[in-house]
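Just below is one structure, and these are the notes that go with it.
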Amino acid sequence: MIGIWALVAYTRVAPALGVPNLHNPFFLPSPDTVAKSLYNMFAHEGFAHDVWASTRRIGLGFLISAAIGIPLGIAIGSFRIVQAFFEPIIAAVRYMPASAFIPLLIIWFGIYEKEKIAVIFIGVFFPLTLLIADVSAGIPKELVNIAYTLGASRWQVFWRVLLPASWPGVLDNMRIGIGWAWTYLIVAELVAASSGIGHVILSASRFLQTDKIIAAIITIGILGLLTDALFRWLYWFLFPYSERVSR
Amino acid sequence: MSSISVSDVSMVFKTRRGRVQAIDRVSLEIPDAHFACIVGASGCGKSTLLNIMGGLVRPTSGTVQVDGRQIHGPGTDRGMVFQSYTLFPWLRVRENVEFGPRLKSMAKEERRRISDRLLQEMGLADFARAYPKELSGGMKQRVAIARALANDPKVLLMDEPFGALDALTRAAAQRFLTGIWEQHRRTIAFVTHDIDEAIFLGDTVYTMTPRPGRLREVIPVDIPRPRTLDEFGTPRFGELKRHILELIIEHENRGVSQTAAAP
């Protein structure tokens, strides 16, 4: 609630403070204008279709990144051989901005779904893998040692200690990673797309419809909040034993 | 009959500032069903020594034997309990206790029998289904002891298990451990920097001095069992305490005068 008030206050106060151009409703439309156009977009312009297109790309791109990144990250964090083999490459690629790959990916995959998913994959997979590797590498040594003294083999330590000890951190980082997925998806859709929220933003910009742009950005924000809520619920549901979960 | 012995163990760590001799030719033998306490100031290598006995750390030289057989790493014949809370947070209390038996693929009923008995003894029967986060520090350490005992180890190695507990909980835990030990009669090596604790619990107190970590003196504690809280006030207790304190302080003073003499 306070957050909403802060937003409203900002739209009212900012013009008074002389923030450039913000007093002009063309540059910063009022909240009710934005709300109206958001309604129009859903009711008459098939915006739901674009939202779905974007969500689907996020889902696929993120799932593929996570499906490879989680096991690989855990393996890198747990086994020195795997670390030596993969970490340098992944660490290097992580510094290359995913958006810089877009022209190349268009040549490789065309301008349709595969390219979008590839952009998300490059933007998410590499940093996510490294974060998850950090989670596994950071499992307290005492837990591993105590398992050895209780008679665990290396393999048992991996399955019964490292893996279960890693899951909460893995979920935390997935929650962070899906945020990056949105960033890269919108960039990809701004460059070339015939559907999706990014595409709507770009078209609106061509016709100077700032209200639609803002409505689209807010939609992304709301989807982000929903995703976050989902992850928080998952955490609560899967890890009732965590110190962070009170009941 | 289960004894654990350490023969001529030395440990040298290589650090950025050069080599540090953490343990210098320590030999000791803890006989069957004996409660041995190892005391010393922090940094005297007592924890490292215990980790070597547990097989978690490989000594630079020397060997460790359980019942005369040399050890080559951690094993179920030696159960360990650490100062930090090492319960597996994702497992319930019972599952933590059954961790060792489960690794051996012991049948469910048998595992259950073991955990039931131990939880009963530890006064934790009502907490079998609780997660570690729901327990107090003292209870966590009781679960850790139960988990170590569930493997029916020959030797119990304890590294300041009550170090993180407040004074009252700690006193209760000490009496509790004495009770457990009188029941199970396990060979125990117990590392602590608390001299009272060492005298109250131990049949023997081994004192260690730091840099390099050496065994200073072996002091038999001739206070009869069962011991009660009254022992803390007896003259014999005071004598033993003063003696042990002197062994440790004597060394500290030497360290100070050396430092003071340095330019």
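The values are calculated or read from the model by the stated rules, or taken from the named source; none is laboratory data. This structure is a prediction, so every number in the text was calculated from the model and none was measured. As a convention, Cβ positions derive from the backbone with ideal geometry for all residues, glycine included, and neighbour counts pool all protein chains shown.
Here are the numbers for this structure:
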| item | result |
| --- | --- |
| Where A:V245 falls short, out of the listed (1) β-branched (V, I, T); (2) assigned to a loop (DSSP other than H, G, I, E, B); (3) away from every other protein chain (no Cβ under 14 Å) | (3) |
| Whichever residue in region B:191-205 is part of a strand (DSSP E or B) and in contact with an Asp or Glu (Cβ under 8 Å, 6 or more places away or on another chain) and, among such residues, is surrounded by the most Cβ atoms within 10 Å (Cβ to Cβ) | B:V191 |
| In region B:156-185, residue surrounded by the most Cβ atoms within 10 Å (Cβ to Cβ) [restricted to those that are of a type in the set (A, V, I, L, M, F, W, C) and part of a loop (DSSP other than H, G, I, E, B)] | B:F162 |
| Residue ID - farthest from B:D24 (Cα to Cα), chosen from residues in region B:52-88 that are buried (at least 22 other Cβ atoms within 10 Å of the Cβ) and out of contact with any helix residue (DSSP H, G or I) (no Cβ under 7 Å at 6 or more places or on another chain) | B:M53 |
| Some residue of region A:208-220 being within 14 Å of chain B (Cβ to nearest Cβ), more than 20 Å from A:W182 (Cα to Cα) and surrounded by 13 or more Cβ atoms within 10 Å (Cβ to Cβ) | no |
| B:A150 being over 11 Å from the mean Cα position of the chain (by Cα) and closer than 25 Å to A:E243 by Cα | no |
| All helices (runs of 4 or more DSSP H) inside region A:137-196 with 2 or more residues being modelled with pLDDT under 95 and over 22 Å from B:T76 (Cα atoms) | A:163-191 |
| Output for region B:82-98, where each listed residue is at the interface with chain A (Cβ under 7 Å from one of its Cβ atoms) and under 21 Å from A:S166 (Cα atoms) | B:S84, B:T86, B:F88, B:P89, B:W90 |
| Filter result (in contact (Cβ under 8 Å) with a residue 24 or more places away in the chain and closer than 26 Å to A:I176 by Cβ) within region A:108-117 | A:E113, A:E115, A:K116, A:I117 |
| Among the candidates B:L124, B:L119, B:L91, B:L149, residue that is modelled with pLDDT of 95 or more, out of contact with any Cys (no Cβ under 6 Å at 6 or more places or on another chain) and surrounded by 16 or more Cβ atoms within 10 Å (Cβ to Cβ) | B:L91 |
| Lone qualifier among B:G79, B:G62 - being in contact (Cβ under 8 Å) with a residue 12 or more places away in the chain and either within 14 Å of chain A (Cβ to nearest Cβ) or among the basic types (K, R) (or both) | B:G79 |
| Residue check for A:F42: surrounded by 12 or more Cβ atoms within 10 Å (Cβ to Cβ), within 30 Å of A:K114 (Cβ to Cβ) and modelled with pLDDT under 85 | yes |
| From B:V20, B:V6, B:V39, residue being under 24 Å from B:E250 (Cα atoms), in contact with a helix residue (DSSP H, G or I) (Cβ under 8 Å, 6 or more places away or on another chain) and in a strand (DSSP E or B) | B:V39 |
| Extreme residue, surrounded by the most Cβ atoms within 10 Å (Cβ to Cβ), among residues of region B:99-116 that are hydrophobic (A, V, I, L, M, F, W, C), within 14 Å of chain A (Cβ to nearest Cβ) and over 21 Å from the mean Cα position of the chain (by Cα) | B:I114 |
| Among (1) more than 25 Å from A:A91 (Cα to Cα); (2) surrounded by fewer than 20 Cβ atoms within 10 Å (Cβ to Cβ); (3) more than 14 Å from chain B (Cβ to nearest Cβ) - the single one A:E189 does not satisfy | (2) |
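Results for (1) within 14 Å of another protein chain (Cβ to nearest Cβ); (2) surrounded by 20 or more Cβ atoms within 10 Å (Cβ to Cβ); (3) not basic (K, R), shown as yes or no for each residue.
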| position | (1), (2), (3) |
| --- | --- |
| A:F125 | no, yes, yes |
| A:Y148 | yes, yes, yes |
| A:Q156 | yes, no, yes |
| A:D172 | no, no, yes |
| A:G179 | no, no, yes |
